[in-house]
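Undergrad: Following this message is one structure expressed as structure tokens.
The values are calculated or read from the model by the stated rules, or taken from the named source; none is laboratory data. These figures come from a predicted structure and were not determined experimentally. Neighbour counts are summed over all protein chains in view; Cβ atoms, including those assigned to glycine, are modelled from backbone coordinates with ideal geometry.
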Amino acid sequence: MADEDKENKVKEIMRRKEEHIGICIEKPVQARRVRTLFDKVHLINNSLPEIDFDEIELATSFLGHKLSAPLIIGAMTGGAESAKTINGNLAKAAEKLGLGMVVGSQRAGLYDKRLGETYAISRMAGPNIFIGSNIGGAQISAGFCLDDARKLVDMLDADALYVHLNPAQEVVQPEGDMNYRNVLRGIKSFVEGLDVPVVVKEVGFGISGEVARKLEEAGVGAIEVAGTGGTSYAAVEYYRAREMGMKRKERMGELLWDWGIPTAAAVYSAVRNTKLPVVSSGGIRTGIDVAKSIAMGASACSVAWPLLKPAAESAEKAENALSDLIYGLKTAMFLTGSSNIKELGMARYVVTGDLKEWCDQLV
Ligand SMILES: Cc1cc2nc3c(=O)[nH]c(=O)nc-3n(C[C@H](O)[C@H](O)[C@H](O)COP(=O)(O)O)c2cc1C
């Protein structure tokens with residue numbers, strides 16, 4: 001790419017990243033008419049838990065890395081000035097609490113070394129944490145190759161490469177890339193060529209059981225379902241399309257605002273269709289959601305949007321938001337008589353209403 005084109009590309013990406021952060025902090029971007037359906041998962045209250053709250057053990061492991069609780073900060077950002085502060089604060093909070101984190105798409109870091117620092121700050125502030133690198137499926141179709149993947153992993157000394165699948169976002173995004181050919185082949189090449197595992201995630205529209213199976217066949221190490229019911233990336237891109245006067249994209253944003261597989265249904269399906277570790281994400285808002293996810297078979301949970309504003313303000317605020325989630329999880333463990341994460345994984349629950357229909361009909 002010529003220097004001038006590269007410079008323009010970098011500016012475009014930086015602008016987009018700042019807009020994503022600004023929109024997610026200031027505008028309503030959560031699902032409107034659909035929910036995660038965790039409200040239809042009922043853990044059974046145990047009035048005789050026979051355990052001491054203070055002795056409940058939350059530690060677990062993910063892809064061979066120890067986590068002090070089954071929580072990983074969801075992929076959000078990088079490639080812009082404010083993103084550097086956010087990633088630094090998130091990593092500080094993760095380091096303090098012994099949790100993991102994933103950075104946002106690192107495409108910008110490939111074009112420009114200075115932007116690389118907005119991601120690398122996570123490793124500087126979190127020298128001991130599990131960190132995931134990140135790239136989009138559409139970039140694979142556009143020529144992103146194994147060598148590029150290695151550079152992203154090296155940039156952070158990352159413990160895994162996350163590939164996000166986001167066709168529904170690309171459709172609404174003003175600069176969206178709607179060629180999604182050969183993505184699975186690319187993922188397979190990363191699995192074969194990288195020294196770290198590949199994790200595949202969505203961005204809030206949900207990975208189906210069928211797709212999870214294909215990913216397992218391709219050799220990925222884990223799946224993060226990122227289902228519907230939390231942040232809607234169709235909503236985020238809707239505001240950008242509206243601002244740019246792109247009427248058709250704006251209408252698609254409206255139409256797809258609530259598109260996708262509710263997170264609880266996606267977890268149910270991924271757990272039944274594969275033997276892979278499944279990360280529950282998309283609309284995880286309380287420790288009870290985390291507990292329900294683990295009871296349904298997830299290995300860990302990931303939370304993004306609720307941490308954005310706190311992390312833009314300080315590491316302490318991000319830490320506080322995470323500590324609230326952990327306390328809620330511990331409470332749910334107490335009330336189900338689960339003294340550790342393994343026991344929580346066996347806790348009984350009942351599924352009702354429309355989630356039952358999803359579970360009956362999803363393969
Ligand atoms: C500000 C923001 C930026 C995001 N950027 C990325 C990204 O670059 N790569 C990615 O894989 N997911 C990205 N996501 C999606 C999240 O990782 C997550 O899948 C989604 O927001 C659903 O989780 P939530 O409801 O907890 O926010 C972003 C989310 C937010 C809120």
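Undergrad: Given the criteria touching a residue at least 24 places away in the same chain (Cβ under 8 Å), closer than 14 Å to Ile207 by Cβ and either surrounded by fewer than 20 Cβ atoms within 10 Å (Cβ to Cβ) or acidic (Asp, Glu) (or both), does Arg272 qualify?
TA: yes
Undergrad: Out of Lys188, Lys201, which single residue is basic (Lys, Arg) and under 24 Å from Arg240 (Cα atoms)? Lay out the reasoning, then the answer.
TA: On the way: Lys188 fails: under 24 Å from Arg240 (Cα atoms).
So the residue among Lys188, Lys201 that is basic (Lys, Arg) and under 24 Å from Arg240 (Cα atoms) is Lys201.
Undergrad: Ok, one more. If you go through the stretch 24-50 one residue at a time, how many are more than 18 Å from the chain's Cα centre (by Cα) and either surrounded by 18 or more Cβ atoms within 10 Å (Cβ to Cβ) or among the small types (Gly, Ala, Ser) (or both)?
TA: Within the stretch 24-50, residues that are more than 18 Å from the chain's Cα centre (by Cα) and either surrounded by 18 or more Cβ atoms within 10 Å (Cβ to Cβ) or among the small types (Gly, Ala, Ser) (or both) number 5.
Undergrad: A follow-up question, please. Out of Glu192, Glu210, Glu217, I need the residue that is farther than 19 Å from Val29 by Cβ and free of Cβ contacts under 8 Å to residues at least 12 places away in the same chain. Which one? Let's see the steps before the verdict.
TA: Values: Glu192 fails: free of Cβ contacts under 8 Å to residues at least 12 places away in the same chain; Glu210 fails: free of Cβ contacts under 8 Å to residues at least 12 places away in the same chain.
Just a single option satisfies the conditions, and that option is Glu217.
Undergrad: Could you check the stretch 331-356 and list, in sequence order, the residues that are of a type in the set (A, V, I, L, M, F, W, C), out of contact with any helix residue (DSSP H, G or I) (no Cβ under 6 Å at 6 or more places or on another chain) and without any contact (Cβ under 8 Å) to a residue 60 or more places away in the chain?
TA: Matches in the stretch 331-356: Met346 only.
Undergrad: Follow-up. Exactly one of (1) more than 20 Å from the chain's Cα centre (by Cα); (2) within 14 Å of the ligand (Cβ to nearest atom) is unmet by Gly193. Its number?
TA: Of everything listed in (1) more than 20 Å from the chain's Cα centre (by Cα); (2) within 14 Å of the ligand (Cβ to nearest atom), Gly193 misses just condition (2).
Undergrad: Output the number of residues of the stretch 297-345 satisfying the condition of being more than 16 Å from the ligand (Cβ to nearest atom), touching a strand residue (DSSP E or B) at 6+ places or on another chain (Cβ under 8 Å) and more than 22 Å from Ser47 (Cα to Cα).
TA: Number of matching residues: 2.
Undergrad: Considering the stretch 296-316 alone, what residues qualify as being under 18 Å from Phe130 (Cβ atoms), within 18 Å of the chain's Cα centre (by Cα) and of a type in the set (Gly, Ala, Ser)? I'd like the intermediate steps shown before the answer.
TA: Narrowing the stretch 296-316 to residues under 18 Å from Phe130 (Cβ atoms): 298-304, 307, 311, 315.
When the remaining residues are screened for being within 18 Å of the chain's Cα centre (by Cα), the result is 298-304, 307, 311.
Correct list: Ala298, Ser299, Ala300, Ser302, Ala304, Ala311.
Undergrad: Can you work out which of the residues in the stretch 275-295 that are surrounded by fewer than 24 Cβ atoms within 10 Å (Cβ to Cβ) and in a loop (DSSP other than H, G, I, E, B) is farthest from the ligand (Cβ to nearest atom)?
TA: My answer is Lys275.
Undergrad: Modelled with pLDDT under 95 and not polar (S, T, N, Q): does that describe Asp324? Before you say what the answer is, go through the steps one by one.
TA: Numbers: modelled with pLDDT under 95: no; not polar (S, T, N, Q): yes.
Judged against the criteria, Asp324 is not a match.
Undergrad: Give the residue that is nearest to the ligand (Cβ to nearest atom), with candidates limited to residues of the stretch 262-274 that are assigned to a helix (DSSP H, G or I) and not aliphatic (A, V, I, L, M).
TA: Pass one, the stretch 262-274, residues assigned to a helix (DSSP H, G or I): 263-273.
Still in the list and also not aliphatic (A, V, I, L, M): 263, 268-269, 272-273.
Numbers: Thr263: 8, Tyr268: 18, Ser269: 17, Arg272: 21, Asn273: 20 Å.
Checked the stretch 262-274; the qualifying residue nearest to the ligand (Cβ to nearest atom) is Thr263.
Undergrad: In the stretch 345-361, is there at least one residue being assigned to a loop (DSSP other than H, G, I, E, B) and on the phi > 0 side of the Ramachandran plot? Lay out the reasoning, then the answer.
TA: From the stretch 345-361, those assigned to a loop (DSSP other than H, G, I, E, B) are 345-348, 352; that's our starting set.
From what's left, on the phi > 0 side of the Ramachandran plot: none.
Taking every residue of the stretch 345-361 in turn, none turns out to be assigned to a loop (DSSP other than H, G, I, E, B) and on the phi > 0 side of the Ramachandran plot.
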